[in-house]
Amino acid sequence: MNILIFIATLLSMEIVSYSLHRWVFHGFLWSIHKSHHRTRGKLLGVFELNDVFSIGFAMISITLFLNPATWWVALGITVYGLSYFFVHDALTHRRFIRVNWSNPLLDRIKRAHRWHHRDTSHRGQEPFGLFYVSSKVDEQSSGS
């Protein structure tokens, strides 16, 4: 049962991530998130104001790890966060550490994220999630 809780949490984090990114980060918290969408001077070297969201998710995970009843939920959030860090920060934006992994799925995610960043406005554009990439991104980036 614990493994199912972990997997359900891990999968649902993409929905949570999409929703927060689209309606909160590109909504009323745009004043913080915009630091991630613009060419900017870094805060304390490699950091940007947008990193406060990652700190918030980490604090939620740490709190959930303290309670044995929510430990597997915390693990799901943490594994999603680590995946996000490696795919989004290290691979796509080349922040903190730089990785050069390449396969069709990761290349598609990078292409989709670059597409998302083309619009630096508050409105933003798809995709707002990290791992789910609509076929529309492929059509738009190929010029069809």
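The table below gives the values:
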{"item": "Residue list for the stretch 87-98, filter: closer than 23 Å to ARG118 by Cβ and not hydroxyl-bearing (Ser, Thr, Tyr)", "result": "VAL87, HIS88, ASP89, ALA90, LEU91, HIS93, ARG94, ARG95, ARG98"}
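Conditions tested, residue by residue: (1) among the small types (Gly, Ala, Ser); (2) in contact with a strand residue (DSSP E or B) (Cβ under 6 Å, 6 or more places away or on another chain); (3) surrounded by 14 or more Cβ atoms within 10 Å (Cβ to Cβ).
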| residue | (1), (2), (3) |
| --- | --- |
| ILE7 | no, no, no |
| LEU10 | no, no, yes |
| VAL16 | no, no, yes |
| THR63 | no, no, no |
| ALA74 | yes, no, yes |
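Since every read-out is calculated from the coordinates, none of them should be taken as a lab result. The shown structure was predicted, so the numbers you read here are calculated from the model rather than taken from an experiment. As a convention, Cβ positions derive from the backbone with ideal geometry for all residues, glycine included, and neighbour counts pool all protein chains shown.
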